[in-house]
Amino acid sequence: MADLTLFQMIEKGQIPADFVHEDDLCFAIRDINPQAPTHVLIIPRKPIARLNEAQAEDAALLGHLLLTAQTVAAKCGLEKGYRVIINNGPDAGETVPHVHVHILGGKTMGERLV
C-alpha cells in the first residue's frame, strides 16, 4: 500500500485542518503558512502528484477545481479579486506531491509572485 499524501491524511481526519468547503470531488482548507490574509488550498480527493501527471480523464476534475475557486472565493469574501496558483514541481514551490489550487486574496496583489 502506498503512503498517503499529507492531503489524504487531512481528508481522513488524521491531521486537523480548517475546512472551508467540501464536495464529492474536492475539499478546501486554510493554508497553515498563509502568503496572504486569505490563503486557501483546494484539493482534489483523487491524488494526482502534479499537473504534469494529469491525464485527459482528469479534465473534468481539473475544471471542477477552478470552478470551485469561485465558490471558495465567495465564501471567503474575496469579491474584490483573488489570485489562483497551481505549483508544478519543486522549482515552482511545490511542497506536497498532490495537485492543489491556491487561492490568495484579502490584499492588493503586486507583480511579485508568491
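Computed from the coordinates by the stated procedures, all read-outs in this text should not be read as laboratory data. Quantities reported herein were computed from a predicted structural model and do not represent experimental measurements. Note that each Cβ is placed from the backbone with ideal geometry, even for glycine, and that neighbours are counted across all protein chains shown.
Some observations on this one:
- Each 10 Å bin from zero up to the one holding the largest Cα-Cα distance in segment 66-114 carries the following percent of pairs: 24, 47, 28, 1.
- Taking 20 Å as the limit for the C-alpha separation, the pairs K46/K107; K75/K107; K46/K75 exceed it in the case of K46/K107; K46/K75.
- Rounded to the nearest 20 debye, dipole of the chain from Cβ charges on Lys, Arg, Asp, Glu: 380
- Fluctuation leader among A60, A36, A17 - the chain, Gaussian network, Cα springs under 10 angstrom: A60
- Dimensions of the chain from C-alpha coordinates, computed as largest minus smallest value along each principal axis and given longest first, are 44, 28, 26 Å.
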